[in-house]
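Below: one structure, written as structure tokens.
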Amino acid sequence: MGRPGPKLEPIDLTDEERDTLHTWTRKWKLPQDIVLRARIVLACDRATSCGTPVSQRQVALELGVSMATVRKWRRRFAEQRLAGLRDAPRPGRPPTAGQPRAGSSPRNTSGPATTADHLQQPPVPVH
């Protein structure tokens with residue numbers, strides 16, 4: 001067996017946090033990165049038979065992620081609790097709505113009909 005890692009402090013989830021994380025793991029429409037982060041924190045909250053926290057290596061193996069991923073989300077949760085599991089704001093200018101993304105070509109509206117054209121109804125005449 002390898003060298004033991006640093007002594008891990010228990011996360012000590014509150015009942016409300018544990019319930020929220022369990023709810024997140026069961027939601028289908030929640031982004032899967034958030035679900036994975038919730039699973040990581042829940043796995044880190046478990047204790048071994050002798051009462052010490054489960055190792056980050058064990059959590060990484062169980063969930064199929066790297067140890068760096070487990071370390072990152074365990075640390076972020078310990079510092080910021082549930083809010084730390086959300087994505088941090090990204091640097092740079094925020095995207096603007098309605099403008100095409102860089103590298104995308106403009107739509108050709110004069111081309112052949114698409115499959116959704118039959119769903120459009122003609123305008124209702126006004127009397």
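Annotations
- All told, Arg71 meets the bar of being charged (D, E, K, R), without any contact (Cβ under 8 Å) to a residue 40 or more places away in the chain and in a helix (DSSP H, G or I).
- Considered as a group, the residues in segment 5-46 that are closer than 19 Å to Ala68 by Cβ and of a type in the set (Asp, Glu) include one that is surrounded by the most Cβ atoms within 10 Å (Cβ to Cβ), and that residue is Asp33.
- Residue in segment 27-34 that is farther than 14 Å from Trp73 by Cα, β-branched (Val, Ile, Thr) and in a helix (DSSP H, G or I) present: no
- All of Asp12, Asp19 fail the test of being among the acidic types (Asp, Glu) and in contact with a helix residue (DSSP H, G or I) (Cβ under 9 Å, 6 or more places away or on another chain), apart from Asp12.
Coordinate-derived values only; no laboratory data. All values reported here derive from a predicted model rather than from experimental measurement. No Cβ is skipped: glycine too gets one built from the backbone with ideal geometry, and neighbour counts run over all protein chains shown.
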